[in-house]
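First comes the structure, then the notes that go with it.
The values are calculated or read from the model by the stated rules, or taken from the named source; none is laboratory data. As the structure is a prediction and not an experimental result, all values here were calculated from the model. So basically every Cβ, Gly included, is an ideal-geometry build from the backbone, and we count neighbours across all protein chains shown.
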Amino acid sequence: MFDIDYDPNEVEFLFVNAPTEVHMELLHEMKGYIKQNERFLRKGFDTAGVEARKHLHNIHLLCKQRRKQIQSQRTRKKYD
């Protein structure tokens, strides 16, 4: 799947249950956003700003997808 290195400050992102692919993609996009946003804010690179916005857009799409998955699971659970 995705190879994400966790540092000790990211413990809250670890999970007990197996994560979904969308969850892992969200973590990957968040990490990319944080990195590019830091580059943009600290060094003022325009390309880093463009990349940060791209990551935010992908996060938006993945959030919508994950919300649908969660709602589907809740509905299924309700009628089982």
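Miscellaneous remarks
- Members of region 18-46 that are surrounded by 17 or more Cβ atoms within 10 Å (Cβ to Cβ), modelled with pLDDT of 95 or more and among the acidic types (Asp, Glu): Glu29
- Scanning region 31-80 for residues that are aliphatic (A, V, I, L, M) and in contact with a Phe, Trp or Tyr (Cβ under 8 Å, 6 or more places away or on another chain) yields Ala48, Ala52, Leu56, Ile59.
- Flag if Gln71 is more than 13 Å from the chain's Cα centre (by Cα), surrounded by 14 or more Cβ atoms within 10 Å (Cβ to Cβ) and not aromatic (Phe, Trp, Tyr): no
- Residue selection: Ile59 satisfies the criterion of being modelled with pLDDT of 90 or more and surrounded by 14 or more Cβ atoms within 10 Å (Cβ to Cβ).
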